[in-house]
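Here is the structure we will look at.
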Ligand SMILES: [Zn+2]
Ligand SMILES: [Zn+2]
């Protein structure tokens, strides 16, 4: 379903048809992506800083492209810091260690939630017996 939205990138009203930004911004982003991809092809060891300097594309956008895995198919690996510990990584948001930590934390939280649920189940059953 198409609906009228403000483009989060340029603020203009546009008809949303599945894209997150307006057609002009989609085009601009594709253009920037080409520029960055060409630059990276010529500078295989480029850091994010060098890409920003060399292409004029904003760092935020370059990082977003890398995180979206736009350059993986070109075989180019660009390193950027893990969001948690700053360890250099080439894909995703977190390094292996931090993402493992995260998985464990989630598992632990889930286990705690289950335990809490079991406990409340038990007291619920006790209450039912008392009321009998
Ligand atoms: Zn826009
Ligand atoms: Zn990390």
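The values are calculated or read from the model by the stated rules, or taken from the named source; none is laboratory data. Being a predicted model, the structure only gives us computed values, none of them experimental. Here the Cβ is made from the backbone with ideal geometry for all residues, glycine too, and neighbour counts use every protein chain on show.
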Positions within the range 72-105 being more than 9 Å from ligand 2 (Cβ to nearest atom), at pLDDT 90 or above and either surrounded by 12 or more Cβ atoms within 10 Å (Cβ to Cβ) or assigned by TED's automatic domain parsing to the domain that holds residue 48 (or both), in sequence order: 102
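Report yes if some residue within the range 84-106 is over 14 Å from the mean Cα position of the chain (by Cα), more than 30 Å from residue 5 (Cα to Cα) and in a strand (DSSP E or B); otherwise report no. Break it down into steps so the answer makes sense when it comes.
Taking the range 84-106 and keeping what is over 14 Å from the mean Cα position of the chain (by Cα), we get 85-88, 96-98, 100-106.
Remaining after also requiring more than 30 Å from residue 5 (Cα to Cα): 85-88, 96-98, 100-106.
After this cut, where a residue has to be in a strand (DSSP E or B) as well, the list is 88.
Checked against the condition, which is being over 14 Å from the mean Cα position of the chain (by Cα), more than 30 Å from residue 5 (Cα to Cα) and in a strand (DSSP E or B), the range 84-106 yields at least one hit.
For the structure I just gave you, tell me whether residue 69 is at positive phi and either free of Cβ contacts under 8 Å to residues at least 60 places away in the same chain or assigned by TED's automatic domain parsing to the domain that holds residue 25 (or both). Can you show your working first?
Details: at positive phi: yes; either free of Cβ contacts under 8 Å to residues at least 60 places away in the same chain or assigned by TED's automatic domain parsing to the domain that holds residue 25 (or both): yes.
Answer is yes for this residue.
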Check residue 53 against each of (1) modelled with pLDDT of 90 or more; (2) outside the structural domain of residue 3 (by TED's automatic domain parsing); (3) out of contact with any strand residue (DSSP E or B) (no Cβ under 8 Å at 6 or more places or on another chain) and name the one condition it does not meet. (2)
How many of the residues making up the range 17-40 are surrounded by fewer than 17 Cβ atoms within 10 Å (Cβ to Cβ) and either in a loop (DSSP other than H, G, I, E, B) or modelled with pLDDT under 85 (or both)? 4
